[in-house]
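Participant: Below is a structure I'd like to ask you about.
The values are calculated or read from the model by the stated rules, or taken from the named source; none is laboratory data. These numbers come from a predicted model, not from an experiment. Quick reminder, even Gly has a Cβ in these numbers, built from the backbone with ideal geometry, and neighbours come from all protein chains shown. Areas reflect the complete protein model, heavy atoms only, side chains present, ligands, DNA and RNA absent. Shrake-Rupley method; radii C 1.70, N 1.55, O 1.52, S 1.80 Å.
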Amino acid sequence: MQADPQDIIDTGDRLLSEYPELFTEQYETNTRLVQRLASVDSFRIRTRLTGYITRKKRTRDGSQR
């Protein structure tokens, strides 16, 4: 299953706007949240979505590594 990069961005932005207080800068925490909040069956898409959300949180909070 493939996902358009814009789909990853749209879904990630939607999750961040709906649950801004739940997501953190920690990848492992965000992985569990994405599994629970998004209905994504594909491991690869879930990983890409989690990575996008984590990068967004790190740059938004000013602590990009």
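Participant: State yes or no: is Thr11 touching an Asp or Glu at 6+ places or on another chain (Cβ under 8 Å), touching a residue at least 24 places away in the same chain (Cβ under 8 Å) and either open to solvent by 80 Å² or more (accessible area, probe 1.4 Å) or not charged (D, E, K, R) (or both)?
Facilitator: The answer is no for Thr11.
Participant: Also, I was wondering about something else. Could you check how many residues of segment 32-54 are among the hydroxyl-bearing types (Ser, Thr, Tyr) and touching a helix residue (DSSP H, G or I) at 6+ places or on another chain (Cβ under 7 Å)? Spell out the reasoning first.
Facilitator: Kept after step one, since they are among the hydroxyl-bearing types (Ser, Thr, Tyr), are these residues of segment 32-54: 39, 42, 47, 50, 52, 54.
Next, only the ones that are touching a helix residue (DSSP H, G or I) at 6+ places or on another chain (Cβ under 7 Å) stay: 50, 52, 54.
Looking only at that region, the number is 3.
Participant: I need the full set of residues from segment 29-45 which are over 11 Å from the mean Cα position of the chain (by Cα) and either surrounded by fewer than 12 Cβ atoms within 10 Å (Cβ to Cβ) or assigned to a helix (DSSP H, G or I) (or both), in order please.
Facilitator: Result: Arg36, Ser39, Asp41, Phe43, Arg44.
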